[in-house]
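The values are calculated or read from the model by the stated rules, or taken from the named source; none is laboratory data. Computed from a predicted structure; not experimentally measured. Ideal geometry is used to build each Cβ from the backbone, glycine not excepted, and the neighbour counts take in all protein chains shown. Side chains are part of the model used for accessible areas, which takes the heavy atoms of the whole protein and leaves out ligands, DNA and RNA. Shrake-Rupley method; radii C 1.70, N 1.55, O 1.52, S 1.80 Å.
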Amino acid sequence: MKGVFRIGKISGIDIEVHWTFTLLLIWVAFLEIQKGSGLNRIPLNEALILVLFFCVVLHELGHALTAKKFGINTKNILLLPIGGVATLEKMPEKPAQELLIALAGPAVNVVIALLLFLVVPVRSYFNFDSIVLEEMLFEATFQNFLFYLFVANVMLVVFNLIPAFPMDGGRILRALLSFKLGRVSATDIAASIGQGLAFVFFVLGLFFNPFLILIALFIFLGAYGENQMVKQGDLLKGHLVKEATLTNITKLQANNSLEEVITILLAGNEKDFVVVENEKIIGVLTQKEVIKNAKTPSMIVGDIMQRKFKTVDVSMEISKVLEMIGKEKNNFYPVVENGLLVGAIDTTNISEFILIKTSSLDKVE
């Protein structure tokens with residue numbers, strides 16, 4: 001992904017940071033300068049942001065390691081200005097498993113807050129009047145640093161438990177509702193609540209804090225996306241690859257020139273191609289590789305095709321193919337039946353299949 005930098009790996013999970021995270025650090029420094037704070041305040045707040053986001057990483061690891069116990073791997077943890085996102089290969093459909101995975105993240109912050117509570121004299125901060133407390137907190141001391149970190153972790157717990165996707169609270173609510181209503185209905189209710197809360201945050205953002213508008217959009221889109229994904233997954237249940245297979249495909253040979261492929265690419269709707277030899281699949285040529293090497297049209301397909309590839313059987317469920325696409329970041333697979341090539345399947349054709357099925361259901365209703 002462009003603008004994403006890998007900063008390390010924990011428990012086999014890539015920890016990545018988006019470039020926009022630097023904007024948060026710049027913004028914090030700008031606010032301190034605008035307030036006329038001393039130079040010692042800026043490093044303190046920058047350090048607080050960095051340590052807090054380490055707590056966010058631990059939060060996401062809580063989700064990831066709990067998911068791993070249920071056989072679900074995590075591809076990466078991405079840090080954004082508004083928090084962290086652990087990209088699981090899939091979410092479990094069993095409500096009890098989803099409940100435990102969703103609770104694991106906030107539980108980590110609860111533990112961190114409790115440890116800080118034992119170290120920092122938190123109660124003493126509430127024994128002063130507001131003016132004295134403000135002056136005391138303004139001092140750049142290590143104790144204040146830990147107190148701020150305590151408060152931040154408590155706020156992370158509260159924020160994440162808001163019952164709205166994509167926050168943990170939305171998943172907790174969905175898991176609890178799923179015990180009685182099933183995953184589809186539970187998601188629909190949880191997503192509706194999330195979108196309602198997003199509207200409230202949006203209105204509050206217009207009058208009080210513009211940052212709430214960003215959070216509102218984040219919640220609204222997250223709730224909508226989760227609802228659509230679950231509905232699509234339910235719609236695809238029982239449907240097999242053979243129902244969405246592209247059968248009218250161009251079979252390339254390894255000795256075809258790139259110029260020939262470009263002509264085919266421009267003349268039709270095909271973007272990716274299967275390469276065969278004596279009816280045996282020997283490779284896959286993607287649109288990305290064609291465009292990458294378009295300056296040398298004399299090249300042959302055999303030089304730029306992918307020799308490592310996976311095929312899917314006509315009897316596989318389409319939902320399983322979508323899981324493969326999400327896991328492997330590959331959106332094109334040759335389709336075989338009894339080991340022989342019968343076509344291909346890609347995200348575009350799956351999307352069209354979903355649209356057709358959705359349309360037919362709407363007409364029935």
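Keeping the other protein chains in place, figure out the carbon and sulfur percent of the accessible area of the chain, with a 1.4 Å probe.
So the carbon and sulfur contribution to the accessible surface is 63 percent.
Name the shape class, rounded, prolate or oblate, that the alpha-carbon gyration tensor gives for the range 195-250, where a ≥ b ≥ c are the square roots of its eigenvalues, rounded holds for a/c under 1.5, and otherwise prolate holds if a/b is larger than b/c and oblate otherwise.
It is prolate, given that a/c is not under 1.5 and a/b is the larger ratio.
If you take Cα Rg over 2.2 N^0.38 Å from the coordinates, which of (i) 1.15; (ii) 1.28; (iii) 1.24 do you get?
(iii)
How many angstrom separate the Cα center of the range 167-182 from the Cα center of the range 238-310?
43
For the charge dipole of the chain, defined by +1 on Lys and Arg C-beta atoms and -1 on Asp and Glu C-beta atoms about the Cα centroid, which residue among P334, A67, P43 has the Cα displaced farthest towards the positive pole?
Sorting the options by dipole projection puts first A67.
Set the Förster distance to 30 Å, then compute FRET efficiency between K9 and F145 from the Cβ-Cβ distance, nearest 0.05.
Efficiency at R0 = 30 Å is approximately 0.60.
Among I15, I304, I219, which one shows the biggest mean-square fluctuation in a GNM of the chain, springs joining Cα atoms closer than 10 Å?
Of the options given, I304 has the highest mean-square fluctuation.
Between the helical axis of 21-34 and the dominant principal axis of the chain, each derived from Cα atoms, what acute angle in degrees is found, rounded to the nearest 10?
30
Using the alpha carbon gyration tensor of the range 251-334, what are the three equivalent-ellipsoid semi-axes (square root of 5 times each eigenvalue), largest first, in whole Å?
Semi-axis lengths for the range 251-334 are 24, 14, 11 Å.
Summing -39500 (n - 2.57) over the DSSP H runs of n ≥ 4 in the chain and dividing by its residue number, what mean residue ellipticity at 222 nm do you reach, to the nearest 500 deg cm²/dmol?
It comes out at -19000 deg cm²/dmol, rounded to the nearest 500.
Counting only heavy atoms of the protein chains, get the accessible area per residue of the range 1-118 (1.4 Å probe) and round it to a whole Å² value.
Per residue, the range 1-118 has an accessible area of 53 Å².
Roll a 1.4 Å probe over the protein chains and send me the accessible area per residue for the range 135-270 in Å².
54
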